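Okay, so here's the structure we're looking at.
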Amino acid sequence: MSDFPLYVLREYAFAADGERGLLVGPRGEIAWMCAPRWDSDAVFSTLVGGAGIYAVTPTSEPFVWGGFYEPGGLIWHSRWTTTTQRIECREALALPASAYVATVIRRVLAVEEDAHVRVVLDVRAGFGKHTMTDVHCDNGIWSGRSGRLYWRWSGASSARQNAEGQLECELKVDAGGHHDLVLEISDRKVTEPAPEADDLWTATSTAWSSTGTVSGTLADRDAQHAVAILGGLTSIGGGMVAGATMALPEHYERGKNYDYRYAWIRDQCYVGQAAATAGQHDLLDAAVQFVADRLLSDGDQLKPAYTVDGGPVPDERSLKLSGYPGGSDKVGNWVNQQFQLDAFGEALLLFAAAARLDRLGADHWVAATQAVEAIERRHNQPDAGIWELDDDNWTHSRLACVAGLRAIAEVAPAPLAARWMSLADNILAHTGTTSVHPSGRWQRSPDDPRIDSALLFPAVRGALPAHDPRTIATLDAALSELAQDGYMYRFREDDLPLGMDEGAFLLCGFMTSLALHQQGREVEAVRWFERNRAACGTPGVFAEEFSVQQRQLRGNLPQAFVHALLLESSVRLTVPWGSQR
C-alpha cells in the first residue's frame, strides 16, 4: 500500500502476548501479524509483500516519529510530532492471552492539542489472499470474516468501507483525552460481549508489571526489555518461538531467509540459561518443561525445532509473494528433516542450570538421562550443527555435548556423575585428536580447517578450562579472522571481505564478550557488549544479524537468542568469572 511503505527493520516496534506477535511501523501501521497463533497465516503481511494492514496515523503532514515502551513490558507508545500537534498511540496485544483470540488494543492519546488521526483496517487472512467479507456494523461494533477467520472491531463506529473494501475513518481526540480501538481476530466465532477497553488495559498493564525485575546489570533497562521480549515470545505451554517473523533476508538476494516462527530446542535452552543467570524463574521453568517434554516424547530422535505446542514444523514452501526487499517469501522450515547433536548438550546445560536452583523435578531428571543416552548413541554420527549446514562431524556439536555432560554431572548423584563425566572426557579426547588445527585452535570439523565463532561457546559453557591452550588460541583466531569493529561473524564462506556474504551475528558478538570476560580481559569484554547492544533501532529490538557497513538489522525480528545473550552477558559481566549471583 503506497500510503504505508516499508521501512528498514530498525524502525519497527514489537508487541506480543506469548501466542502471537506484531510489528508496528513509523506511520502507525501494523505491517505484520499472524493469527490466531505464531505459525498461523498472517492477517497483516505487507512486510513480506502480502496484503492486510491496520493503521493509526496522523492526518497532518509532515510529522516525525519516535516512541517508547512502558517500563517492564511490551506496551508500546508510537509518538508523532507534527507542526501543530503531539499525538501518541498506546498499543499492545491484550493479556492474559487466549490461544484462540488475538486482541489488539490501541489507545490514541492527544498529548496537548486536539489530535486528528486516520484509521484504516483491512484484515487479510492467508497472507493477503482473503478479503474482508460479511462486513456489518451492529450497535457501533464492526464484525466480519476473512477466509476462515472471524474478526470484531470496536471504537470505530464512524468507519466506512472505501473503494478497496477497507474500513476507514478519521478520529478527533480532544486535547488531554484518549480514544480506544479494540480488534479481535479468531478462528472461531466470538459470541461473548465485546470487552471493555479499560478492562483490557488494566489487565494487560497488571500482567506486564508482574514481570520479574532485573537490576544490578551492566544495562538494566535493556536487560529488562530482553526479559519482556522473551516473555512475549513464550506461549502458554512454554514453547518459545525463535523469531516473530518469517522470510526477512539476512543478505540481499542471497537466498538466506527463513521462517523462524517455531520453537528451536537450542534457542529455548539459551533463553533458559540466561533466565537462570538473571533470576527469571518463570522463563527458566517454561524452557525446562518444554525441552523435557520433547525429550520424553522423542528421545534420541529429538527434532531441532517444533511448533510451540510441540507439533511438527511444516515443510518449507513458497507463497509466491514478492517478499521483503532483498529477500523472498518462505513459509515452513526444512529443519524438521535434520539431526542436530548439539541440542542434547544444550538441553543438559539447561537442566543443570535449573538443578543448581533446585528447580529440576523428577520427570526432568528422566529427560536429562534421555539426553545423555542420546549422546552416548549418536555422538559419532554426522549432524547439521548449530548453523544447520550439510551433515558433518562438527566440532562445536561434540564440544557442546561435552559441556552439557560436565554441567549435569556436577549436580547428578555420584554413580551417574562419574559415568557422565567419563563420557565427556572420552568425547573431548576423541575430538581433540580429529579437530585441532595445526595452529593449536579448534577447527570447524575434521575436514574443515576454518575458524568458526561457534567454537567460542563450549569453553564459556565449561567444556574445557579457560586456560586450556585450545581455548585461548580459538578466541585469538576468532578475533583475528572473524571480527570487525566490535562485531563477530560466524565464519568465512569464501575469500571475500567480511560482510559480503552475511551480516555479523549478534549472538556471537555477545558470546565474544563472555569469552573475553572468561579470560579476564574485562575492558575488551565490556566494549564488545556495548558495541553489540547498540545494534538496534529506537524500539530496542534485535534481529539475528547486523550489517556493520550499513548499520542496519538483518534477518528475522526479534531474534530470541540475541536477547537471551544480551540478558546473560549483562548479568555475568558485572562479577568476576565463575562468581555466583
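The values are calculated or read from the model by the stated rules, or taken from the named source; none is laboratory data. None of these values were measured; they are calculated from a predicted model. All Cβ positions, even for glycine, are placed from backbone atoms using ideal geometry, and neighbour counts span all protein chains on display. For accessibility, only protein heavy atoms count, side chains too; no ligands or nucleic acids. Shrake-Rupley method; radii C 1.70, N 1.55, O 1.52, S 1.80 Å.
If I filter the stretch 151-166 for residues that are farther than 30 Å from GLN85 by Cα, hydroxyl-bearing (Ser, Thr, Tyr) and part of a strand (DSSP E or B), do I get at least one hit?
No, the conditions are met nowhere in the stretch 151-166.
Can you tell me which residues in the stretch 478-487 are free of Cβ contacts under 8 Å to residues at least 40 places away in the same chain and either surrounded by 18 or more Cβ atoms within 10 Å (Cβ to Cβ) or at positive phi (or both)?
Once the filter is applied, which keeps residues that are free of Cβ contacts under 8 Å to residues at least 40 places away in the same chain and either surrounded by 18 or more Cβ atoms within 10 Å (Cβ to Cβ) or at positive phi (or both), the stretch 478-487 yields ALA478, LEU479, LEU482, ALA483.
Does any residue in the stretch 496-512 that is aromatic (Phe, Trp, Tyr) come within less than 9 Å, Cβ to Cβ, of a residue that is part of a loop (DSSP other than H, G, I, E, B) and buried (at least 24 other Cβ atoms within 10 Å of the Cβ) six or more places away or on a different chain, and which pairs are these?
PHE505/TYR489; PHE505/GLU544
Could you tell me whether ALA343 is part of a helix (DSSP H, G or I), over 14 Å from ARG266 (Cα atoms) and open to solvent by less than 10 Å² (accessible area, probe 1.4 Å)?
Criteria not met by ALA343.
Within the stretch 168-193, take every residue that is within 16 Å of ALA55 (Cα to Cα) and of a type in the set (D, E, K, R) and give me the one that is farthest from the chain's Cα centre (by Cα).
Result: LYS172.
Among the numbered criteria (1) open to solvent by less than 10 Å² (accessible area, probe 1.4 Å); (2) under 21 Å from TRP394 (Cα atoms); (3) of a type outside the set (Lys, Arg), which one does HIS430 miss?
(1)
If we keep just the residues of the stretch 531-568 that are without any contact (Cβ under 8 Å) to a residue 24 or more places away in the chain and not aliphatic (A, V, I, L, M), which is least open to solvent (accessible area, probe 1.4 Å)?
The residue in question is GLN550.
Does any residue in the stretch 425-451 that is free of Cβ contacts under 8 Å to residues at least 40 places away in the same chain and closer than 13 Å to THR471 by Cβ come within less than 7 Å, Cβ to Cβ, of a residue that is open to solvent by less than 50 Å² (accessible area, probe 1.4 Å) and not in a loop (DSSP other than H, G, I, E, B) six or more places away or on a different chain, and which pairs are these?
That search, which allows pairs on different chains as well, returns LEU428/VAL402; VAL436/TRP442; GLY440/ALA473; ARG441/ALA473; ARG441/THR474; ARG441/ALA477.
Determine which single condition VAL548 fails, assuming it passes every other condition in (1) among the β-branched types (Val, Ile, Thr); (2) more than 23 Å from LEU284 (Cβ to Cβ); (3) at pLDDT 95 or above.
Status for VAL548: all satisfied but (3).
Can you find even one residue in the stretch 143-150 that is open to solvent by less than 20 Å² (accessible area, probe 1.4 Å), in contact (Cβ under 8 Å) with a residue 40 or more places away in the chain and not small (Gly, Ala, Ser)?
Yes, there is a match, as at least one residue in the stretch 143-150 is open to solvent by less than 20 Å² (accessible area, probe 1.4 Å), in contact (Cβ under 8 Å) with a residue 40 or more places away in the chain and not small (Gly, Ala, Ser).
Would you say PHE510 is of a type in the set (Phe, Trp, Tyr) and part of a loop (DSSP other than H, G, I, E, B)?
Spelling it out, it is not the case that PHE510 is of a type in the set (Phe, Trp, Tyr) and part of a loop (DSSP other than H, G, I, E, B).
Among the numbered criteria (1) hydrophobic (A, V, I, L, M, F, W, C); (2) open to solvent by 40 Å² or more (accessible area, probe 1.4 Å); (3) part of a strand (DSSP E or B); (4) in contact with a strand residue (DSSP E or B) (Cβ under 7 Å, 6 or more places away or on another chain), which single criterion is violated by ALA175?
For ALA175, the exception is condition (3).
Given the stretch 1-49, what strands (runs of 3 or more DSSP E) lie entirely inside it while holding 1 or more residues that are open to solvent by less than 10 Å² (accessible area, probe 1.4 Å) and free of Cβ contacts under 8 Å to residues at least 60 places away in the same chain?
Fully inside the stretch 1-49 and qualifying: 29-34.
Residues to consider are ARG398, ARG419; find the one that is under 31 Å from the mean Cα position of the chain (by Cα) and without any contact (Cβ under 8 Å) to a residue 60 or more places away in the chain.
ARG398
For the stretch 398-424, which positions are part of a loop (DSSP other than H, G, I, E, B) and loosely packed, with under 15 Cβ neighbours inside 10 Å?
GLU410, PRO413
Here is a list of conditions, (1) in contact with a Lys or Arg (Cβ under 7 Å, 6 or more places away or on another chain); (2) touching a residue at least 40 places away in the same chain (Cβ under 8 Å); (3) within 25 Å of VAL241 (Cβ to Cβ); (4) of a type outside the set (A, V, I, L, M), and THR57 meets all of them except one; can you say which number that is?
(3)
Any idea how many residues of the stretch 196-213 are modelled with pLDDT of 95 or more and open to solvent by less than 40 Å² (accessible area, probe 1.4 Å)?
8
Quick one: ASP392 ticks every box in (1) within 23 Å of the chain's Cα centre (by Cα); (2) open to solvent by 10 Å² or more (accessible area, probe 1.4 Å); (3) among the charged types (D, E, K, R) except a single one, so which number is it?
(1)
For the list (1) open to solvent by less than 70 Å² (accessible area, probe 1.4 Å); (2) part of a loop (DSSP other than H, G, I, E, B), I need the number of the one condition that PRO438 fails.
(1)
Six or more apart or on different chains, Cβ under 8 Å: which pairs go from a residue in the stretch 119-139 that's open to solvent by 50 Å² or more (accessible area, probe 1.4 Å) to one that's part of a loop (DSSP other than H, G, I, E, B) and of a type in the set (Lys, Arg)? Could you list them?
Taking only residues 6 or more apart or on different chains, the pairs are HIS130/ARG124; THR131/ARG124.
Please go through the stretch 281-301 and pick out each residue that is closer than 22 Å to ALA354 by Cα and surrounded by fewer than 22 Cβ atoms within 10 Å (Cβ to Cβ).
Selection gives HIS281, ASP282, ASP285, GLN289, ASP293, LEU296, SER297, ASP298, GLY299, ASP300.
Which one of the conditions (1) in contact with a helix residue (DSSP H, G or I) (Cβ under 7 Å, 6 or more places away or on another chain); (2) surrounded by 14 or more Cβ atoms within 10 Å (Cβ to Cβ) does ASP315 fail to meet, given that it meets all the rest?
Exception for ASP315: condition (2).
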